[in-house]
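Worksheet: the structure to be examined is printed underneath.
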Amino acid sequence: MEKDMEYYIQVSGRIMKDNLDKRKSLTKKICDWYLDQDKEDICLIASGSSLNAAYAARPFLLKYSKFDISVLSTVEYLDVYREREKNRFTILISQSGCSTNIIEIMRGLNKEHQPFVLLTGNENGSASRYTDHLVEYGVGNETIDYVTLGYSTLIEFLMLMILEIGFQKREISDQEYETAVSQIRNACEMQELCLMQAKELVQKRYQDLLCMGKAILVGDGANLATVREGALKFQETLKVPTVYYESEEFIHGPDMQLTPDYSVFFIDCGKTSDRLYDIYKATLLITEHCYMITDQVHDKRDGQIWIPCRLPAEITPLYTAALFQYIAAHVTKEKNNFTCHPLFSRMEQAVSPKTEDYDRIMKEKLERSRREENG
Ligand SMILES: N[C@@H]1[C@@H](O)[C@H](O)[C@@H](COP(=O)(O)O)O[C@@H]1O
């Protein structure tokens with residue numbers, strides 16, 4: 001199988017399971033660094049999908065820790081919270097290791113002799129030049145810029161890191177630890193099931209999805225991060241204007257723009273009431289282009305993905321992104337729509353989120369991947 005976006009979504013469940021099995025060795029370095037210093041609270045700083053992954057993991061991280069964990073975009077950190085975050089164990093995340101905003105923060109921290117850890121998917125990225133404290137979080141060599149495997153493995157890594165820290169500090173009991181590990185394992189299986197059903201759904205609603213012109217994604221709690229990531233993916237690949245909302249926020253105004261040509265996606269997983277389902281049914285009164293991932297037995301309408309395993313809400317982001325990732329990957333390929341508008345290159349030249357050597361670094365990743373394939 002060609003190592004395109006679909007390939008990385010396809011292998012995500014298996015790689016997450018492998019990473020779960022080797023969780024002790026995978027997280028050892030960062031846990032040792034954390035336990036060897038005297039700061040309790042953690043600050044995670046990232047952008048794009050890496051930021052969304054940190055948001056998605058946060059409810060789990062807070063549940064399994066006795067300290068505070070903040071998640072900040074690079075701009076929030078630089079412009080607003082830098083002083084306040086000084087006394088936290090700082091983790092900068094960049095899958096590519098080539099985001100200029102992350103590098104700017106690293107330079108600033110180095111100047112002030114403030115310690116930090118870089119969590120990255122690319123040990124050879126430009127950011128690696130600015131620190132000795134670098135951890136690869138188990139994504140391996142994802143060669144596509146529209147990251148999917150990197151998103152899911154990052155959420156899982158953050159969860160595993162907090163579990164190991166809590167376990168070693170004896171703040172999490174053996175029982176709690178084992179339960180969480182087995183729930184994560186179930187979620188990896190649900191990722192595979194969600195993806196399988198996403199493929200069927202895309203087949204069934206093929207014309208609908210090919211014509212999708214504007215979309216609203218609705219999710220709550222940890223899955224607000226999933227719809228934020230889904231919106232990012234839809235926009236950078238399908239180039240469809242997409243907004244994301246919490247369910248109650250959605251019906252506080254954004255729903256007033258709805259017309260029959262809107263596509264609306266709902267995540268109804270880990271919920272304890274029927275409220276989101278009611279909002280989904282009400283939305284169907286305006287547009288038939290409604291889709292839902294649910295772990296509850298409602299009415300099994302067309303356009304639904306049913307997950308036969310009820311997991312705590314904070315675990316579900318490990319599988320819910322698969323629907324959005326697959327639509328982004330597959331429908332964009334079918335429409336041959338990965339190319340941006342000709343004017344985009346002008347914009348990218350004027351202002352880029354990545355370092356100048358990004359293209360060369362991505363090319364090297366691709367060559368490495370081909371070498372690995374040829375043994
Ligand atoms: N187009 C991709 C985005 O899909 C991704 O979210 C981001 C992650 O940034 P980083 O490599 O810093 O994690 O990189 C690029 O901009």
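Here are the numbers:
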| read-out | value |
| --- | --- |
| Top-ranked residue of the range 94-116 - restricted to ones that are within 9 Å of the ligand (Cβ to nearest atom) and hydrophobic (A, V, I, L, M, F, W, C), ranked as nearest to residue 350 (Cα to Cα) | 98 |
| Qualifying residue in the range 322-343 (condition: away from the ligand (no atom under 16 Å from the Cβ), among the aromatic types (Phe, Trp, Tyr) and within 29 Å of residue 158 (Cβ to Cβ)) | no |
| Check on residue 119, more than 13 Å from residue 29 (Cα to Cα), under 16 Å from the mean Cα position of the chain (by Cα) and either within 14 Å of the ligand (Cβ to nearest atom) or without any contact (Cβ under 8 Å) to a residue 40 or more places away in the chain (or both) | no |
| Every residue from the range 160-198 that is of a type in the set (Lys, Arg) and out of contact with any Leu (no Cβ under 9 Å at 6 or more places or on another chain) | 170 |
| Wholly enclosed helices (runs of 4 or more DSSP H) of the range 189-295 bearing at least 1 residues over 20 Å from the mean Cα position of the chain (by Cα) | 206-210, 247-250, 275-283 |
| Residue match in the range 147-166 (condition: among the acidic types (Asp, Glu) and in contact with a strand residue (DSSP E or B) (Cβ under 9 Å, 6 or more places away or on another chain)) | no |
| Subset tally (residues that are more than 19 Å from residue 42 (Cβ to Cβ) and small (Gly, Ala, Ser)) for the range 161-193 | 3 |
| Checking residue 284 against (1) touching a Cys at 6+ places or on another chain (Cβ under 7 Å); (2) surrounded by fewer than 17 Cβ atoms within 10 Å (Cβ to Cβ); (3) within 30 Å of residue 186 (Cα to Cα), the condition it does not meet | (3) |
| Matching option when the condition is within 16 Å of the ligand (Cβ to nearest atom), surrounded by fewer than 21 Cβ atoms within 10 Å (Cβ to Cβ) and not acidic (Asp, Glu), among 65, 25, 73 | 73 |
| Considering residues of the range 81-93 that are away from the ligand (no atom under 15 Å from the Cβ) and touching a strand residue (DSSP E or B) at 6+ places or on another chain (Cβ under 8 Å) only, the residue farthest from residue 33 (Cα to Cα) | 81 |
| Residues satisfying the stated conditions in the range 122-133, i.e. within 14 Å of the ligand (Cβ to nearest atom) and in contact with a Leu (Cβ under 8 Å, 6 or more places away or on another chain) | 123, 127, 128, 130 |
| The range 182-233, residues that are within 19 Å of residue 301 (Cβ to Cβ), in contact (Cβ under 8 Å) with a residue 60 or more places away in the chain and of a type in the set (Gly, Ala, Ser) | 198, 219 |
| Answer residue from the range 227-244, given it is under 17 Å from residue 290 (Cα atoms) and within 16 Å of the ligand (Cβ to nearest atom) and is surrounded by the fewest Cβ atoms within 10 Å (Cβ to Cβ) among those | 240 |
| Sole residue being within 16 Å of the ligand (Cβ to nearest atom) and within 23 Å of residue 183 (Cβ to Cβ), chosen from 46, 53 | 53 |
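The numbers here are math on the coordinates, done by the rules we state, and not lab data. All values reported here derive from a predicted model rather than from experimental measurement. Backbone-built Cβ (ideal geometry, glycine too); neighbour counts: all protein chains shown.
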